[in-house]
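The values are calculated or read from the model by the stated rules, or taken from the named source; none is laboratory data. Worth saying up front: this structure is predicted, and the values here are computed from it rather than measured. Cβ placement follows ideal geometry from the backbone for every residue including glycine, while neighbour counts extend to all protein chains displayed. The accessibility values were calculated without ligands, DNA or RNA, using every heavy atom of the protein model including side chains. Shrake-Rupley method; radii C 1.70, N 1.55, O 1.52, S 1.80 Å.
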Amino acid sequence: MNQNKDVLPENCNSIQGTMNITVHGGTEQASAFPEKMFTYNKREYDVEPCTRVNVTFINTDNITHQWMIHGLPESIHDNGMMNIEVNGGQNDTGVFITPSYNETLLVHCGKPQHQQKGMKAQLKVGLGDGNIPNIPGETGSWDRYTYPRENLDYGPVLLLYSVMIGVILTLAILGWLKMYT
């Protein structure tokens, strides 16, 4: 869906090269990550700007998966994405041309919960512009036991509520006394 074989992104004068990527995805690729259910065999790609990228996605599972990339030029790709969706045991190829600038693009499976279960990658165009968090084996993972939690101090909030309640009660009592005196 939304593939592009030959329309040049803004500021690309020509296609600077072609890169062929073959990626396998499914449960087998997640075996190195016990906390994950699915992933891709390759989770980071480095590609030069203005490069035609041919992605062959091979689904090694018996359920449907996707290789979806976000952040492509919206003037060429609807919603800035290109998507390859493959039924279990099948494969398909999609094509896109990278933008002319350094950027890190999100790659993931758009099926419910598949990204959270490990099907996430990044494609760095040129130097990229940072890392996408929580990519298995590449950019670390969230550990629910050591994830920092805010240390909230409820004292000031409780004091404010106490003062407000005190004022309301005082006004109510003064109003009651005024009525009966």
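Looking at segment 68-80, which of its residues are open to solvent by 10 Å² or more (accessible area, probe 1.4 Å) and either out of contact with any Asp or Glu (no Cβ under 9 Å at 6 or more places or on another chain) or outside any strand (DSSP E or B) (or both)?
Those that are open to solvent by 10 Å² or more (accessible area, probe 1.4 Å) and either out of contact with any Asp or Glu (no Cβ under 9 Å at 6 or more places or on another chain) or outside any strand (DSSP E or B) (or both): HIS70, GLY71, PRO73, GLU74, SER75, ILE76, ASP78, ASN79.
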### Pairs where the first residue, in segment 83-101, is within 13 Å of ASN54 (Cα to Cα) and surrounded by fewer than 16 Cβ atoms within 10 Å (Cβ to Cβ) and the second is among the acidic types (Asp, Glu) and modelled with pLDDT of 95 or more, C-beta under 8 Å, 6+ apart
ASP92/GLU85
### Close pairs (9 angstrom Cβ cut-off, 6 or more residues apart or separate chains): within 25 Å of VAL95 (Cα to Cα) and open to solvent by 40 Å² or more (accessible area, probe 1.4 Å) in segment 117-144, modelled with pLDDT of 90 or more and assigned to a loop (DSSP other than H, G, I, E, B) anywhere
LEU127/ASN102; ASP129/TYR101; ASP129/ASN102; GLU138/ARG43; GLU138/ASN131; GLU138/ILE132
### Task
Return the total of residues in segment 102-116 being among the polar types (S, T, N, Q), buried (at least 16 other Cβ atoms within 10 Å of the Cβ) and at pLDDT 95 or above.
1
### Query
Among ASN41, ASN2, ASN13, ASN62, which is under 16 Å from GLN90 (Cβ atoms) and open to solvent by 30 Å² or more (accessible area, probe 1.4 Å)?
ASN62
## Note on the structure
Within segment 36-66, restricting to residues that are aliphatic (A, V, I, L, M) and outside any strand (DSSP E or B), the one that is farthest from GLY126 (Cα to Cα) is ILE63
